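The values are calculated or read from the model by the stated rules, or taken from the named source; none is laboratory data. Note that the structure is a prediction, hence the values are computed from the model and not measured. Cβ sites come from the backbone with ideal geometry, for glycine too, and all protein chains shown count toward neighbours.
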Amino acid sequence: MKRTLRKEKTGIVTSNKMDKTIIVTENKRVKHPSYGKAVSRRKKYAAHDEQNSCNEGDIVKLMETRPLSKSKRWRLVEIIERAK
């Protein structure tokens, strides 16, 4: 049985106040469907951080996973860049 590839996303940590959970915001620019102008869209994801290693402002990579709680469907893969 072959498992499908899991989605990966990158974003900025906006909250790390919960235990083993971070909130990651993904910002992307998309074209408006009727006007054609580039508009900013953002989406927030709750992700699992086993070691509580992330701080606010870090740029991280997430991977899709099985449901871990009511809102957590993503887990931390790596910290790309630490906040200054």
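Look at the range 47-83 and say how many of its residues are among the aliphatic types (A, V, I, L, M), touching a strand residue (DSSP E or B) at 6+ places or on another chain (Cβ under 6 Å) and part of a loop (DSSP other than H, G, I, E, B).
Restricting attention to the range 47-83, the residues satisfying the condition of being among the aliphatic types (A, V, I, L, M) are 47, 59-60, 62-63, 68, 76-77, 79-80, 83.
Within this subset, residues satisfying the condition of being touching a strand residue (DSSP E or B) at 6+ places or on another chain (Cβ under 6 Å) are 47, 59-60, 62-63, 68, 76-77, 79-80.
From what's left, part of a loop (DSSP other than H, G, I, E, B): 68.
The number of residues fulfilling the criteria is 1.
I'm trying to understand the selection: among the residues of the range 72-84, which are modelled with pLDDT of 95 or more and exposed (fewer than 13 other Cβ atoms within 10 Å of the Cβ)?
Keep residues of the range 72-84 that are modelled with pLDDT of 95 or more, which gives 72-82.
Residues satisfying the conditions are 78, 80, 81, 82.
Can you tell me which of 69, 15, 34, 40 is modelled with pLDDT of 95 or more and surrounded by 11 or more Cβ atoms within 10 Å (Cβ to Cβ)? Reasoning before the result, please.
Values: 69 fails: surrounded by 11 or more Cβ atoms within 10 Å (Cβ to Cβ); 34 fails: surrounded by 11 or more Cβ atoms within 10 Å (Cβ to Cβ); 40 fails: surrounded by 11 or more Cβ atoms within 10 Å (Cβ to Cβ).
None of the others qualify; the one that does is 15.
Looking only at the range 16-59, which residues are under 18 Å from residue 84 (Cβ atoms) and of a type in the set (Gly, Ala, Ser)?
53, 57 - these are the residues of the range 16-59 that are under 18 Å from residue 84 (Cβ atoms) and of a type in the set (Gly, Ala, Ser).
Within the range 43-66, restricting attention to residues that are touching an Asp or Glu at 6+ places or on another chain (Cβ under 8 Å) and β-branched (Val, Ile, Thr), which residue is surrounded by the fewest Cβ atoms within 10 Å (Cβ to Cβ)?
Checking each candidate, the answer is 59.
How do the pairs read when you match residues in the range 51-66 that are on the phi < 0 side of the Ramachandran plot with residues anywhere that are assigned to a loop (DSSP other than H, G, I, E, B) and surrounded by 15 or more Cβ atoms within 10 Å (Cβ to Cβ), using Cβ under 7 Å and keeping only pairs 6 or more apart or on different chains?
54/16; 55/16; 56/16; 60/54
Taking only the range 22-41 into account, find how many residues are over 11 Å from the mean Cα position of the chain (by Cα) and either on the phi < 0 side of the Ramachandran plot or in contact (Cβ under 8 Å) with a residue 12 or more places away in the chain (or both).
Our first condition is that a residue be over 11 Å from the mean Cα position of the chain (by Cα); within the range 22-41, this holds for 28-41.
If we keep only those that are either on the phi < 0 side of the Ramachandran plot or in contact (Cβ under 8 Å) with a residue 12 or more places away in the chain (or both) too, we end up with 28-35, 37-41.
Here the count works out to 13.
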